[in-house]
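The values are calculated or read from the model by the stated rules, or taken from the named source; none is laboratory data. Since the structure is predicted, the reported quantities are computational estimates derived from the model, not experimental observations. Quick reminder, even Gly has a Cβ in these numbers, built from the backbone with ideal geometry, and neighbours come from all protein chains shown.
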Protein chains: 2
Amino acid sequence: MSGQPQTGGGPRPVLALSGGIGGSKLALGLARVLSPGALTVVANTGDDFEHLGLHISPDIDTVTYTLAGVQNPETGWGRADETWSFMTALHELGAETWFQLGDRDLAVHVERTRRLRAGVPLSEITADIGRSFGIASRILPMTDRRVRTRVITQDGPLDFQRYFVEQRCAPAVTGFVFDGAPEAKPHPDILAMLCNPELRAVVICPSNPYISVDPILALPGLWDALAACNAPVIAVSPIIGHEAVKGPTAKMMAELGYTVDVLTVAQHYRGLLDGLVIDTVDAAMAGRLHVPVVVCPTLMRSLSDREELATAVLGFADRLGRCARRTG
Amino acid sequence: MSGQPQTGGGPRPVLALSGGIGGSKLALGLARVLSPGALTVVANTGDDFEHLGLHISPDIDTVTYTLAGVQNPETGWGRADETWSFMTALHELGAETWFQLGDRDLAVHVERTRRLRAGVPLSEITADIGRSFGIASRILPMTDRRVRTRVITQDGPLDFQRYFVEQRCAPAVTGFVFDGAPEAKPHPDILAMLCNPELRAVVICPSNPYISVDPILALPGLWDALAACNAPVIAVSPIIGHEAVKGPTAKMMAELGYTVDVLTVAQHYRGLLDGLVIDTVDAAMAGRLHVPVVVCPTLMRSLSDREELATAVLGFADRLGRCARRTG
């Protein structure tokens, strides 16, 4: 297999694994530099939850809104030009308001919940929502089954959103449980893509390894399928220097007893990676990583940052090709 | 029993039967002229329905918003200062948008649906919502059981909201079915109030007799309890001249083969009424009604119109007292 991005059969597919805000930025970059339809983004559903009787899929929605270009540019989650009348009225009713739901955002939750109750799989609903937003890429829930991340903290176990939103990640973390993961199956199209000899790359987006990527990797058979697939598996480090760009990744890493750096990221994905993309500030670490490395700017502030990082990741994958498998 | 409005035990209770917009106007008038807490409004739930997975109770909400002073003054339904981001986003998703749900309004539907699914009775939820709006009157669903009005039309039977909202009452009506009514029970507090010797009056608000009041009267035992109660039962005609103030009352009346006038209203409630309040434009009809009549302005444009009509109704009830029972 060559490093050519295309063959006669159309654009070669790329599979990205993503959580929410950080991952979706690179997913957008990939979507923009790839041919329409070439990208499939597998979204974590471990932080899905039922709230106010509605099924909320935070990572799916963040990826969807980001690829649709309707995401709130300030928060990274939720929608641009949002209104908050529902939350105001909910507060007046004395109902639970710790989880913010904008009025536009709510349409997705209500419609998804309605269809889930009618027996439609989450993957089908997600595809339809993506289509209604005109998204050419495919957004695929990691599974149609129920998986729920629980965060084990020094104060006891917490449902993910209680930890993440209500408690603002304050309790010190000691571990994670992915309820339902052992019984869940990865969406079959993920496994099919991993078997596809045309697959160009698997990109592990710069999402939180513990709460965004690990729930995906915990699905039975997925780690082995990734390890066995012909396409190069490339991760982009969510750690830059000794910090995470966003969210509790660095805090968790420290609480779990690890050094907060790209070595810990590489160690976390050991056995899976054909390449790791690290930031220029970590260039000095490159020699200590037992996996091929590309050093480039990974902080994605602008749209062109996202595209340039995506281009670097794909170029890296193409150079590694099949030959470089399992050197980590 | 005298016509005095109060006894030593506090204000004497008044029971009003109401549908949505027309009925809630008089309910507001009654609430304003009575002592706080004296009024109980029994709301029709025959036009409740499940929409987008949410339990919608249009008449309860119209009464609630009206008594709370937050109703949309232009439409009569929904809330003032409403925003419509949810509907806009729902339209973009390609979901059903024939039933308008404002962003503030939605909070009530979501919270009610959540609690109903948790097993809380509709009456308890309705009471809590009323309290959160600071409403001193009690709003009581006619029943906690499921009753669904179906409109029999020349095009076949239609679920109520499909007829009312989606088809804008266009199909000619031949009858009505109140699905579930024979198995439902009136809320027990309604029957308890009707047995209360202190009850001052039962007011049938100027709501549509066929689709707003009849679902209430169709509940097993309620007609008999009304007919047997000691307090005078007074209806306010929803027909003025040969027209209804609002909604399809006159159209339905004609389609069912009746003359559109107050005589038909009186005939409809025959055996139940101790008095009928008709508008001044119908003064000439008074002599043809076989029930005591008060003639006064019944069109409620202003807040003082509502209060004056409420005062007239209560004065009429107090004059009739117990002695005038069953002359209709």
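Of these, A:ARG114, A:ARG79, which one is facing chain B (nearest Cβ under 9 Å) and without any contact (Cβ under 8 Å) to a residue 12 or more places away in the chain? Step through it out loud before you land on a result.
Working: A:ARG79 fails: without any contact (Cβ under 8 Å) to a residue 12 or more places away in the chain.
Answer to the selection: A:ARG114.
If you check A:GLU74 against the conditions, is it charged (D, E, K, R) and within 11 Å of chain B (Cβ to nearest Cβ)? Walk me through how you get there before you give the answer.
On the way: charged (D, E, K, R): yes; within 11 Å of chain B (Cβ to nearest Cβ): no.
No; evaluated as a whole, the condition is false for this residue.
If I ask for residues that are within 14 Å of chain A (Cβ to nearest Cβ) and either part of a strand (DSSP E or B) or on the phi > 0 side of the Ramachandran plot (or both), which ones from the range B:43-61 would you list?
Correct list: B:PHE49, B:GLU50, B:HIS51, B:LEU52, B:GLY53, B:LEU54, B:HIS55, B:ILE56.
Hey, any hits in the range B:317-328 for a residue that's of a type in the set (Val, Ile, Thr) and crowded, with 16+ Cβ neighbours inside 10 Å?
No, the range B:317-328 contains no residue that is of a type in the set (Val, Ile, Thr) and crowded, with 16+ Cβ neighbours inside 10 Å.
State which residue is farthest from B:CYS169 (Cα to Cα) when the search covers only the range B:110-150 and only residues that are buried (at least 21 other Cβ atoms within 10 Å of the Cβ) and in contact with a Phe, Trp or Tyr (Cβ under 8 Å, 6 or more places away or on another chain).
Filtering the range B:110-150 for residues that are buried (at least 21 other Cβ atoms within 10 Å of the Cβ) and in contact with a Phe, Trp or Tyr (Cβ under 8 Å, 6 or more places away or on another chain), the one farthest from B:CYS169 (Cα to Cα) comes out as B:VAL110.
Looking only at the range B:19-42, filter to residues that are assigned to a strand (DSSP E or B) and under 9 Å from the mean Cα position of the chain (by Cα); which one of those is farthest from B:PHE178 (Cα to Cα)?
So, considering only residues that are assigned to a strand (DSSP E or B) and under 9 Å from the mean Cα position of the chain (by Cα), the one farthest from B:PHE178 (Cα to Cα) is B:VAL41.
Go over the candidates B:ALA68, B:ALA170 one by one and state the one that is surrounded by fewer than 17 Cβ atoms within 10 Å (Cβ to Cβ) and among the hydrophobic types (A, V, I, L, M, F, W, C).
On the way: B:ALA68 fails: surrounded by fewer than 17 Cβ atoms within 10 Å (Cβ to Cβ).
Answer to the check: B:ALA170.
Any idea which of (1) modelled with pLDDT under 95; (2) away from chain A (no Cβ under 14 Å) is the one B:ARG150 doesn't satisfy?
Failing condition for B:ARG150: (1).
Quick one: B:ARG32 ticks every box in (1) within 9 Å of chain A (Cβ to nearest Cβ); (2) among the basic types (Lys, Arg); (3) in contact (Cβ under 8 Å) with a residue 12 or more places away in the chain except a single one, so which number is it?
Status for B:ARG32: all satisfied but (1).
In the range B:89-107, how many residues are more than 7 Å from chain A (Cβ to nearest Cβ) and closer than 15 Å to A:PHE86 by Cβ?
4
Would you confirm whether any residue within the range A:251-266 is assigned to a loop (DSSP other than H, G, I, E, B), modelled with pLDDT under 95 and buried (at least 19 other Cβ atoms within 10 Å of the Cβ)?
No, the conditions are met nowhere in the range A:251-266.
Among the residues of the range A:62-103, what is the count of those that are in contact with a Leu (Cβ under 8 Å, 6 or more places away or on another chain), part of a loop (DSSP other than H, G, I, E, B) and more than 30 Å from A:LEU17 (Cβ to Cβ)?
Here the count works out to 3.
Cβ-Cβ under 9 Å, sequence separation 6+ or interchain: first residue in the range B:167-192 and free of Cβ contacts under 8 Å to residues at least 24 places away in the same chain, partner of a type in the set (A, V, I, L, M, F, W, C). Which pairs?
Note: pairs meeting the criteria are B:GLN167/B:LEU158; B:PRO171/B:VAL151; B:PRO171/B:LEU158.
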